[in-house]
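These notes are about the structure you will find just below.
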Amino acid sequence: MWLKLGKISPEKLLELVFPYQGKNRKEVIYNASLGRDCGVVDCDEDLIALTCDPITGTSTHIGSFAVHVVANDLICAGADPVGLLISIVLPTNSDENQIQSIMKDVDLTSKKIGIAVLGGHTEISDVVNHTLIHCFGIGRIKRNNIPDVEKVQPGDSIIITKGAGIEGTAILANLYYEQLSTQFGQSFVQKAQDFIALLSVVPEGKLALKHSPHCLHDATEGGLLGALWEVCAGQNLGFIVKELSVPLHPETKTICDFFQIDPLKLISSGTLIIFTPHPDPLLENLQKESIPAFQIGTITDLKDKILVHANGENEIIESCPQDELWRITEKSTDVTSF
């Protein structure tokens, strides 16, 4: 069976990937699971979180995206991001400037987050048509109050930071700069491109960890609804989310309306999802730190995953959605950045 573009569906992960996890070792506390993006290993004095991710959806600021994705996964595991390894594979028509530009982005973003570049690999290959970056991250976890998807419970409040569709807004504004500029003006598109500055969830993640949340999750492929679906499906839980409670930046709404896509299913690194039984103190502290945060719904003990639309109608999210970014790519004939 042919697979769709983008991240493999949860059903296929359960069938094709998760059954094959090597030897069971006593040092391994958490390994691969739906809604869990880091493995956690007990190394006597410390717990170590490990994660890896490719960047394939954009060629603009690809180094920054790579660093943010792994750092976000680490903080969601309760880890202080320590270091990363980065593998860069470029097509045969690449030049030195491209490599240096990627590494400058990696360096600048890593310094802002406070994570070290430990090493990696760089090569030119005729196997790829476009630049591929794969990043591996490592972080240190304190032993008490480790957040994890298995701790999510019915009654937990669902809080998100900043809004939905953040990363997708930045990517689309870069990929379709000319088309969007003609329609909405250059200053509008530039503001949307600047959403790359919102991609880190490390600051709000560090603050959230002080409140002992049950789980933290970064909304990547599949967007907000995809992330919620993954977390709940793995634990046989459901959710009720109110569409009107989910904040959207004006740029996100305008771009999604233009492309006729759903912002709640659009890739959204920069949106931290927090599952907590005690939302009020956390919301108060986030607001004190000028981090926009919103309570959008609740975890239920039913398996139904329900989105309450603005008109009051309920939509049951039957399966993890394919990211809207890939849906645009599949029907586009003029995009060369993927």
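General remarks:
- The set of residues from region 26-54 being farther than 18 Å from V152 by Cα and assigned to a loop (DSSP other than H, G, I, E, B) comprises K26, E27, D44, E45.
- Applying the criterion of being of a type in the set (S, T, N, Q) and crowded, with 16+ Cβ neighbours inside 10 Å to the residues of region 284-325, the residue that is modelled with the lowest pLDDT is Q322.
- Condition met for S200 (of a type outside the set (A, V, I, L, M, F, W, C), in contact (Cβ under 8 Å) with a residue 40 or more places away in the chain, buried (at least 21 other Cβ atoms within 10 Å of the Cβ) and in a loop (DSSP other than H, G, I, E, B)): yes
- Here the condition is being crowded, with 21+ Cβ neighbours inside 10 Å and polar (S, T, N, Q); of T276, T329, it holds for T276 alone.
- Output for region 164-196, where each listed residue is in a helix (DSSP H, G or I), among the aromatic types (F, W, Y) and over 18 Å from the mean Cα position of the chain (by Cα): Y177, F184, F188
- Filter result for the condition that a residue is closer than 29 Å to W326 by Cβ, of a type in the set (D, E, K, R) and either in contact (Cβ under 8 Å) with a residue 60 or more places away in the chain or surrounded by fewer than 18 Cβ atoms within 10 Å (Cβ to Cβ) (or both), over E96, E123: E123
- Looking only at region 87-111, and only at residues there that are within 21 Å of the chain's Cα centre (by Cα), of a type outside the set (K, R) and not in a strand (DSSP E or B), the one that is nearest to V40 (Cα to Cα): S110
- Any hit, region 113-121, residues being under 23 Å from G270 (Cα atoms) and either modelled with pLDDT under 90 or in a helix (DSSP H, G or I) (or both): yes
- Exclusive hit being at pLDDT below 90, surrounded by fewer than 24 Cβ atoms within 10 Å (Cβ to Cβ) and at negative phi, set D80, D44, D53: D53
- Odd one out for L84 among (1) outside any strand (DSSP E or B); (2) closer than 27 Å to D323 by Cα: (1)
The values are calculated or read from the model by the stated rules, or taken from the named source; none is laboratory data. Remember, predicted model here, so these are calculated numbers, not experimental data. Here the Cβ is made from the backbone with ideal geometry for all residues, glycine too, and neighbour counts use every protein chain on show.
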